[in-house]
Amino acid sequence: MSHIEITLPDGSKQSVAAGTRPIDIARGISPRLADAALAAKVNGEMFDVTRPIEQDATLQILTARDPESLEVYRHSAAHLLAAAVLELYPETQLGIGPPIENGFYYDFDRPTSFTPDDLEKIEKKMWEIQARALPYERVLTSKEEGLKKYSEAWMKCQLIEEKAGEVFTEYTLGPRFIDFCRGPHVPDTSKIKAFKLLSIAGAYWKGDEHNKQLQRIYGTAFFSAKELDAYLKQVEEAKKRDHRKLGKELDLFSIQELAGPGLIFFHPKGGIIRKQLEDWMRDQYLKRGYSLVYTPHVARIDLWKTSGHANFYAANMFTPIKLDDADYQLKPMNCPFHILIYADRQRSYRDLPVRLGELGTVYRYERSGVLNGLFRVRGFTQDDAHIFCTPDQIENEVVDCLQFAIDTLAAYGFEKYDAELSTWDGGTSGKYDGTPEQWAMAEGALQRACDKLKVAAKTIPDEAAFYGPKIDVKLVDAIGRKWQLSTVQFDFTLPRRFGLEYIAEDGKAHQPLMVHRALYGSIERFFGILIEHYAGAFPVWLAPIQAIVLPITDRQTEYARAIQKQLDDAGIRATVDDRNEKVNLKIREAQMQKIPYMLVVGDREQENGLVAVRNRKHADQGAKSIAGFLAEIKALIDSKAVSE
RNA sequence: GCCACCCUAGCUCAGCUGGUAGAGCGACUGAUUCGUAAUCAGUAGGUCGCCGGUUCAAUCCCGGCGGGUGGCUCCA
């Protein structure tokens, strides 16, 4: 029998018989390791611990300590799910069942749909199978034989036809379950210690809505019950921060059935926050050399024909409105309007760059199923600007945009973000507009801007808009979720379609470069992100009510009002709670409204002209002079401090 | 748009296999004047999302519509 040499991660070598399995080697090292082994890496390739090694190799045993094994583990959990489903409902057809970011899913095809009760039954069955310690067995099959074997399973056949080589691997689990699968898997079901089924959803076969819709069961799995609980707690935490819930509790905004879905009503408190966001952005526009413009909400359809939207964006637009003279289109974008302003007069290179900024409200038709609170709506306001410039200026402009985006994030307390540079495919598909020179220039400018600002942007090929490359900035919020925010995009198409020009030094007309950028993206959506990021406890400068005066008895009502007046005069948003209620109740309610400062005033404060300051996060701060408190809160507001 | 689920008082939610509804909070009224997260008592409040069907009888069963939630798809 031939021998092979196995090299372990610590550099030690072992000579073993060919066909020895990773689990055997693990057992030789320690029974505990063998017990903990979930998968192996053989010459860098993922292996089952029970798959024989046939040649000299480096070997690494993967356990719960190796992040790579989590995917294997969850993939095995998906198989466990499918095996349970087949035991309960043998007529079910299997689709695919991969691990995903926070768990796994499996797609099924069956005539009747799963109910939440079924989910419970299935999960119970999974635990039964888990307890049986059924092995995941790897089987090699020829394509021909496989197609025969799976002749009843239409989805598997399709996959085998498309993906399988002449010989492919399958994994079995118990008597019924067999799956066309690359693997690897954990050795047996007893290794899967903590899992939970989460939800049922419709999902199209291969993600194409023209295909049959399958039933997808989502679940999650972790190495330990503790980690699973922590994950479920985090999901709970996210639910607590849900902007739809907080929006109602804090009376910030609403969506009215009578008015229509996807249309946002800002209530007084949300309105104040919105005003802060808008004021901040408009101030920044002016500080950074943008001009503020205002444009209509509708325009003749001809404008949209010229821009091309009437054609390529039709599916996202509201139906045109018929008037006397023509059809009018509610605007889905601001760009054509800004272009009209640019084109309204002749431009010299001396005028450039022209930066036209607007808080422009646009309307887009979104399919009903995708609407989501403030995040996905049918009418929203973009902090939209378009920059028209010469090739010499472009790099500076892009750098400024990116810096502006970073400053915006910082202003709202976002410390972490990711950037993505979306580029074209090199022109092979023909789906992109613009010349190779334009693409090279634009992608170069975006890349150099990132380099200059030390932004590590991930390049994503073939993800650009058809009209030009872009940088997208995604922020990371307080609980680690990512949100698409700012975007800086080149546009080669619109300047051409509208015949934009400027007169250069050579006295000839040239086409300007156009950059489209939005930093909040949508004010509604950004507001929603802020609500969740701060969990409703807005920084003082944004808080709808910044301080509330709480008189203890009605003897202090007048004093409380006088304090409120002083705060008002100082530009602080303050109210008084002079209801005939105990101070405990007033504090409780103010806390729940997440009002930053509560100023308790009783006889003691009144006599000495003080306020007893309570902060929503740091509780009782003791008595202070009114002037002292004013200075403190004003400092926070003026500096736009993100926490007090 | 598609699949599944949900819609009961202002809010959050109960309501067993069909016999037209209940709690807590809130609102209102009264009492209480009180020191850092809920004072007590009383009163009012619902065509059970809307329309239709089955039934002696529908909040409950069936169908349609509207809205929402989780996904899918889409997101130029």
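The values are calculated or read from the model by the stated rules, or taken from the named source; none is laboratory data. Not measured: the values here are computed from a predicted model. Don't worry about glycine lacking a Cβ; one is built from the backbone with ideal geometry, like all the others, and counts go over all protein chains shown.
Can you name the residue in the stretch A:497-523 that is in contact (Cβ under 8 Å) with a residue 60 or more places away in the chain and charged (D, E, K, R) and, of all such residues, is surrounded by the most Cβ atoms within 10 Å (Cβ to Cβ)?
Looking at the filtered set, the residue picked out is A:R517.
Is there any pair with a first residue in the stretch A:462-487 that is free of Cβ contacts under 8 Å to residues at least 60 places away in the same chain and farther than 20 Å from A:A449 by Cα and a second that is away from RNA strand B (no atom under 13 Å from the Cβ) and of a type in the set (A, V, I, L, M) whose Cβ atoms are under 7 Å apart and which are 6 or more apart or on different chains, and what are they?
A:W483/A:L475; A:W483/A:I529
Given (1) in contact with a Lys or Arg (Cβ under 8 Å, 6 or more places away or on another chain); (2) under 28 Å from A:F108 (Cβ atoms); (3) near RNA strand B (Cβ under 10 Å from one of its atoms), identify the lone condition not met by A:F223.
Result: A:F223 fails condition (3) only.
So A:K431 ticks every box in (1) basic (K, R); (2) within 15 Å of RNA strand B (Cβ to nearest atom); (3) in a loop (DSSP other than H, G, I, E, B); (4) within 16 Å of A:I406 (Cβ to Cβ) but one. Which box is left unticked?
(4)
Mind checking whether some residue in the stretch A:247-265 is of a type in the set (S, T, Y) and away from RNA strand B (no atom under 16 Å from the Cβ)? It would help to see each step written out before you state the result.
The initial filter retains those residues of the stretch A:247-265 that are of a type in the set (S, T, Y), namely A:254.
If we keep only those that are away from RNA strand B (no atom under 16 Å from the Cβ) too, we end up with none.
No, because not a single residue in the stretch A:247-265 is of a type in the set (S, T, Y) and away from RNA strand B (no atom under 16 Å from the Cβ).
Any residue that is surrounded by 18 or more Cβ atoms within 10 Å (Cβ to Cβ) and part of a helix (DSSP H, G or I) - is there at least one of those in the stretch A:92-114?
Scanning the stretch A:92-114, I find no residue that is surrounded by 18 or more Cβ atoms within 10 Å (Cβ to Cβ) and part of a helix (DSSP H, G or I), so the answer is no.
Would you point out the residue of the stretch A:174-197, among those that are at pLDDT below 90 and either outside the structural domain of A:P135 (by TED's automatic domain parsing) or closer than 25 Å to A:T112 by Cα (or both), that is farthest from RNA strand B (Cβ to nearest atom)? If you could, list the steps in order and put the result at the bottom.
To start, the set of residues in the stretch A:174-197 that are at pLDDT below 90 comprises A:174-183.
Next, only the ones that are either outside the structural domain of A:P135 (by TED's automatic domain parsing) or closer than 25 Å to A:T112 by Cα (or both) stay: A:174-180.
On the way: A:G174: 27, A:P175: 29, A:R176: 24, A:F177: 23, A:I178: 25, A:D179: 20, A:F180: 20 Å.
Restricting to residues being at pLDDT below 90 and either outside the structural domain of A:P135 (by TED's automatic domain parsing) or closer than 25 Å to A:T112 by Cα (or both), the top hit is A:P175.
Is the stretch A:338-360 home to any residue that is within 10 Å of RNA strand B (Cβ to nearest atom) and surrounded by 19 or more Cβ atoms within 10 Å (Cβ to Cβ)? Steps first, please.
So the first thing to find is which residues in the stretch A:338-360 are within 10 Å of RNA strand B (Cβ to nearest atom), and the list is none.
No, every residue in the stretch A:338-360 fails to be within 10 Å of RNA strand B (Cβ to nearest atom) and surrounded by 19 or more Cβ atoms within 10 Å (Cβ to Cβ).
Would you be able to say whether some residue in the stretch A:396-412 is within 14 Å of RNA strand B (Cβ to nearest atom), within 21 Å of A:I339 (Cα to Cα) and touching a strand residue (DSSP E or B) at 6+ places or on another chain (Cβ under 8 Å)? Give the steps one after another, and end with the answer.
Narrowing the stretch A:396-412 to residues within 14 Å of RNA strand B (Cβ to nearest atom): none.
So far as the stretch A:396-412 goes, no, none of its residues is within 14 Å of RNA strand B (Cβ to nearest atom), within 21 Å of A:I339 (Cα to Cα) and touching a strand residue (DSSP E or B) at 6+ places or on another chain (Cβ under 8 Å).
Looking at the stretch A:198-230 only, could you name the residues that are of a type in the set (G, A, S) and in a helix (DSSP H, G or I)?
Answer for the stretch A:198-230, where residues must be of a type in the set (G, A, S) and in a helix (DSSP H, G or I): A:G207, A:A225, A:A230.
Which residues, counting only those in the stretch A:422-457, are of a type in the set (A, V, I, L, M), surrounded by 14 or more Cβ atoms within 10 Å (Cβ to Cβ) and closer than 22 Å to A:L475 by Cβ?
A:L446, A:A449, A:L453, A:V455, A:A457
Just to verify a result, which residue in the stretch A:573-587, among those that are more than 22 Å from A:S643 (Cβ to Cβ) and near RNA strand B (Cβ under 6 Å from one of its atoms), is surrounded by the most Cβ atoms within 10 Å (Cβ to Cβ)?
Filtering first and then ranking leaves A:V583.
Does A:A518 fit the bill of being within 15 Å of RNA strand B (Cβ to nearest atom), within 23 Å of the chain's Cα centre (by Cα) and under 19 Å from A:V398 (Cα atoms)?
Details: within 15 Å of RNA strand B (Cβ to nearest atom): yes; within 23 Å of the chain's Cα centre (by Cα): yes; under 19 Å from A:V398 (Cα atoms): yes.
Yes.
Return the pairs, sorted by first residue and then second, in which the second residue is of a type in the set (K, R) and part of a helix (DSSP H, G or I), the first residue lies in the stretch A:288-310 and is within 22 Å of A:F466 (Cα to Cα), the beta carbons are less than 7 Å apart, and the residues are 6+ apart or on different chains.
A:T306/A:R497; A:S307/A:R497; A:G308/A:R497
Going by the conditions given, is A:E558 of a type in the set (D, E) and in contact with a Phe, Trp or Tyr (Cβ under 9 Å, 6 or more places away or on another chain)?
On the way: of a type in the set (D, E): yes; in contact with a Phe, Trp or Tyr (Cβ under 9 Å, 6 or more places away or on another chain): no.
Taking the combined requirement at face value, the residue does not satisfy it.
Cβ-Cβ below 9 Å, separation at least six or inter-chain, first residue in the stretch A:579-605 and assigned by TED's automatic domain parsing to the domain that holds A:L630, second part of a helix (DSSP H, G or I) and near RNA strand B (Cβ under 6 Å from one of its atoms): which pairs?
A:R579/A:L585; A:N580/A:D554; A:M598/A:I587; A:M598/A:Q591; A:L599/A:E605; A:V600/A:V583; A:V600/A:I587; A:G602/A:V583
List the residue pairs whose Cβ atoms are under 7 Å apart, where the first residue sits in the stretch A:627-644 and is touching a residue at least 12 places away in the same chain (Cβ under 8 Å), the second is polar (S, T, N, Q) and outside any helix (DSSP H, G or I), and the two are 6 or more positions apart or on different chains.
Listed by first residue and then by second, the contacts come to A:I633/A:Q546; A:E644/A:N615.
Taking A:E123, is it without any contact (Cβ under 8 Å) to a residue 12 or more places away in the chain and either among the hydroxyl-bearing types (S, T, Y) or closer than 24 Å to A:Y231 by Cβ (or both)?
Working: without any contact (Cβ under 8 Å) to a residue 12 or more places away in the chain: no; either among the hydroxyl-bearing types (S, T, Y) or closer than 24 Å to A:Y231 by Cβ (or both): yes.
It is false that A:E123 is without any contact (Cβ under 8 Å) to a residue 12 or more places away in the chain and either among the hydroxyl-bearing types (S, T, Y) or closer than 24 Å to A:Y231 by Cβ (or both).
Please state which one of A:A36, A:A83 is buried (at least 24 other Cβ atoms within 10 Å of the Cβ) and closer than 18 Å to A:P135 by Cα.
A:A83
Pull out all pairs, ordered by first then second residue, where Cβ-Cβ is under 6 Å, the residues are six or more apart or on different chains, the first lies in the stretch A:259-283 and is among the charged types (D, E, K, R), and the second is surrounded by 15 or more Cβ atoms within 10 Å (Cβ to Cβ).
A:K269/A:L252; A:K269/A:P544; A:R274/A:F266; A:E278/A:L359
For the stretch A:608-625, how many residues meet the condition of being part of a strand (DSSP E or B) and either near RNA strand B (Cβ under 6 Å from one of its atoms) or farther than 12 Å from A:I548 by Cα (or both)?
Residues that pass the stated criteria total 10.
For the stretch A:224-233, indicate whether the set of residues that are touching an Asp or Glu at 6+ places or on another chain (Cβ under 7 Å) and either free of Cβ contacts under 8 Å to residues at least 12 places away in the same chain or surrounded by 17 or more Cβ atoms within 10 Å (Cβ to Cβ) (or both) is non-empty.
Quick first cut of the stretch A:224-233, residues touching an Asp or Glu at 6+ places or on another chain (Cβ under 7 Å) only: none.
Scanning the stretch A:224-233 turns up no residue that is touching an Asp or Glu at 6+ places or on another chain (Cβ under 7 Å) and either free of Cβ contacts under 8 Å to residues at least 12 places away in the same chain or surrounded by 17 or more Cβ atoms within 10 Å (Cβ to Cβ) (or both).
In a loop (DSSP other than H, G, I, E, B) and near RNA strand B (Cβ under 8 Å from one of its atoms), is that true of A:E605?
Numbers: in a loop (DSSP other than H, G, I, E, B): no; near RNA strand B (Cβ under 8 Å from one of its atoms): yes.
It is false that A:E605 is in a loop (DSSP other than H, G, I, E, B) and near RNA strand B (Cβ under 8 Å from one of its atoms).
Tell me yes or no: at least one residue of the stretch A:53-75 is surrounded by 20 or more Cβ atoms within 10 Å (Cβ to Cβ) and within 16 Å of RNA strand B (Cβ to nearest atom).
Yes, the conditions are met somewhere in the stretch A:53-75.
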